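Each reported figure results from applying straightforward, stated rules to the coordinates on display, with no laboratory input. This is a predicted model, so every value here is computed, not measured. Methodologically, a virtual Cβ is constructed for each residue, glycine included, from the backbone with ideal geometry; neighbour enumeration extends over all protein chains shown.
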Amino acid sequence: MALITCPECGGRVSTEAAACPSCGFPTGAKKRPLGNKLLLEVRPSWWAYFWLLLFAWLGIPLIIAWLRRQSEVLRVYEDRLSVERGIFTKNYSEFFIRDIRSIDVDQGLWGRIIGIGNLTISTAATVEADETLYGLPDPKKIRDLLIGQRQDA
């Protein structure tokens, strides 16, 4: 076991260590492969589009509700989560589970009754919230899954 110098803080780090013990800078010694096992895939609930569905008999609101629901997907893997947005143009955001700083769930009275809510995810690299996902079914279950994965990482 040899010692190397940490490029971030200048401290001594073992070549076997995954990160510097003083500053946490990853040394890359013990890299885990990305977990590609999909744990959860979530789209916004149809309840999030209640007012559009109420006027679905007009036709256009039904198409708008369907397009909005299809345009957002949250996928939770073993070590990361992915947010995909868009129909014609795509926006992909990846967050590593170990970098998540906070997970907030917002539910109003109506959302608590029907079981939908908003999920806000903040990472350690940002001051403000990174992603807010609206109208997700059972957001507490998603939060608990993410916290469980974070504790396992």
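Remarks
- With at most 15 neighbouring Cβ atoms within 10 Å, loop chymotrypsin sites (Phe, Trp or Tyr not before Pro) (DSSP) excluded, longest segment of the chain: 89-153
- Kirkwood-Stokes translational diffusion coefficient of the chain, alpha-carbon pairs, 20 °C, 1.002 mPa s, µm²/s: 120 µm²/s
- Count, lysine Cα pairs under 28 Å in the chain, 8 or more residues apart or across chains: 5
- Each label was represented as a point 7 Å from its Cα along the Cα-to-Cβ direction; for Q107 and L3 these points are 5.2 nm apart.
- Each residue in C23, C6 was given a count of other beta-carbon atoms within 10 angstrom of its own, and listing them fewest first yields C23, C6.
- Across segment 32-152, C-alpha contacts under 8 Å between residues 6 or more apart give a mean separation that, scaled by the residue count, equals a relative contact order of 23 percent.
- The spacing between segment 68-90 and segment 1-18, judged by their C-alpha centroids, is 37 Å.
- Working from label points 7 Å from Cα in the Cα-to-Cβ sense, the T15 to L40 distance is 4.2 nm.
- Loop-located trypsin sites (Lys or Arg not before Pro) in segment 90-137 whose Cβ has at most 13 other Cβ within 10 Å (DSSP): K90
- Total charge dipole magnitude, the chain, about the Cα centre, Cβ charges on Lys, Arg, Asp, Glu only, Debye to nearest 20: 260 debye
- Counting beta carbons within 10 Å around each of V13, V76 and listing the fewest first gives the order V76, V13.
- Computed over the chain with a Gaussian network model linking Cα atoms closer than 10 Å, the most mobile of A56, A124, A18 is A18.
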